[in-house]
Every structure is written in structure tokens, then in C-alpha cells.
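Undergrad: Here's a structure for you.
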Amino acid sequence: MPGPDQNREAMPSDEMTPVDGVSHHLAGLARLLEAEDDAALVVQQILRLAENEVPGAVHAGATMLGQDGAPTPVYTGDLAARLDALQYDVGQGPCLDALLADTVRADDLAYESRWPRFAPVAVARGVRSVLAFRLSVRIGTVGALSLYSPKPYAFTAGAERVGRSVAACAAIAMATVGERSQLRNALESRDVIGQAKGILMERYRIDAQEAFALLSASSQHTNVKLRDVAERLAKTGEFTPPPTDRD
């Protein structure tokens, strides 16, 4: 009879160590995340990792949700882009379901009843299996990741485990780059507003508090964002003062 060690060696590699193929890539992704301010570029690299390391995956796409809830597609090929776009067009599909559920799996779209407007088109385009994950962090859902395969029953339980590891990386990347972008925008806004205040202080011989009040009043009067009013003043010197009681 084979001993325990022999049985262990006979196990499929994706069942035995499902995240081994992903682990050695994390350091490189961490360095990319540290240096890159474009979340879409970082996520695209993670999608390529998913294509290479998740057993069964051939195409990969992701949906990034902005602060306003608007989706931004990221993908590694035209087919993934078309399939993700199709789901938003018809209002159904695994990617959309994954925004509400942790994991969505379809073993054979040819016999799938959950998405009658999506599944037949996907099959016609050569896709039979789908594995989708919600991308979530402490602050909430930041998007969804979808993996596609031309083969039915392409994704095993081991593939799901590897996919969840990749999805966790993608979620952290989206959240980290997004927060860094917000901080950068906030600092830039503060700087440009400070420049505009200085211009108004010199132009109208007023103090900083009065200059900010004047910027705010102009923003309300012109129905233009305060930062845009300040940026226009700082770059061109143009400023529309609000009407006074004498006007």
C-alpha cells in the first residue's frame, strides 16, 4: 500500500498548494503599487497574474468602482472587454453579481439559467466557464474581477482559492492607489487655492480669510467648483467677483 507521503505527492498541485504560484509575485506587485499612481495599470498587471496563475483562466477583466459608483473597466484582451461591457449593457452577468456576492462561478454557460441575456452571447463568443470575485476592503466594495475560460468546468476549488488571493491583491491595489490619488488631489487643491488667495489678497488688499470668502462667493455665483475658480485665477489671472449689494 502507498504510504501517506506517496498519497500526498499524487494530489493535484493546485489542490496541494493553491497560492504557491501567486506568492512569489507579491513582492514585485508591492513595488509596482508603491511606485505607480495609476490604479488601472496596477490592476491590469494583477489580471495578467490571474491569467497566468489561476488554473483554467484564459481571459481576465475587472471593474473598478469610483467614489461616485461609476465603473471603470480594466482588461487584458478584447474578449474580456466585450464580455464585461455586455454585462453592463444587458444589466446581468457574473461580474455584476460578484459586486454583491463574494464569489460567483458558472461551470458551463451553455446550460446557465441565471443570466439568459448574457450566457448565450458569451457561449457564441467562445466562453463556457466564468469565475468572478468581489473586490472588497474595509471601506467596502471597490470592484469585481472576472476570469473566463473556453472550456466547461474549467475552474476547480483550487482555482477559486488562487483566484481569491489574486482578488485580494487587486482590491488592496485599487483602494491604496485610490486613497493616494485622493490625497494628492487634496494637496494640489490646497496649493492652488492658496495661490489664488494670495493673488486676491494682493489685488484687493484683503486678508486671507476675506480672500477665501471671496473665492467661495465667486464659486457659488458662477456655479463653478471652488478649485476650478482658484485654478483659473492662478493660471490666467481671470476672476469673476460675485455681485455686491451695490450691483
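Undergrad: Can you find, among Leu99, Val123, Ala110, the residue sitting farthest towards the positive end of the charge dipole of the range 86-148, where Lys and Arg contribute +1 and Asp and Glu -1 at Cβ?
TA: After comparing all options, I get Leu99.
Undergrad: Report the full-extension gain for the segment Arg117 to Thr141: residue separation times 0.36 nm, less the Cα-Cα distance, to one decimal in nm.
TA: Between Arg117 and Thr141, full extension yields 6.1 nm more.
Undergrad: Any idea what the dipole of the range 192-247 comes to, in debye rounded to 20, about its Cα centre with Lys/Arg Cβ at +1 and Asp/Glu Cβ at -1?
TA: It works out to roughly 140 debye.
Undergrad: Rounded to whole Å and ordered largest first, report the semi-axes of the equivalent ellipsoid of the range 184-236 derived from its Cα gyration tensor (root of 5λ).
TA: Here the semi-axes work out to 16, 13, 10 Å.
Undergrad: Assuming 0.36 nm per residue, please report the length gained on full extension of the stretch Ala40 to Ala213 beyond their Cα-Cα distance. Let's see the in-between values first.
TA: Details: separation 173, 0.36 × 173 = 62.28 nm, distance 3.77 nm.
Residue separation times 0.36 nm, minus the Cα-Cα distance, leaves 58.5 nm.
Undergrad: Pull out the extension gain between Gln220 and Tyr153, defined as 0.36 nm times the separation in residues minus the alpha carbon to alpha carbon distance; nm, one decimal.
TA: 18.3 nm
Undergrad: Which distance in nm do the two modelled labels at Asp107 and Asp228 give, with both placed 7 Å along the Cα-to-Cβ direction?
TA: Computed distance between label sites Asp107 and Asp228 equals 5.4 nm.
Undergrad: Under unit Cβ charges (Lys, Arg +1; Asp, Glu -1), what dipole magnitude, rounded to 20 debye, does the range 42-105 have relative to its Cα centre?
TA: 100 debye
Here, each number is a calculation from the coordinates, and none is a lab measurement. Since this is a predicted model, take the numbers as computed values, not measurements. Positions of Cβ are generated from backbone atoms using ideal geometry, with glycine treated the same way; all protein chains shown enter the neighbour counts.
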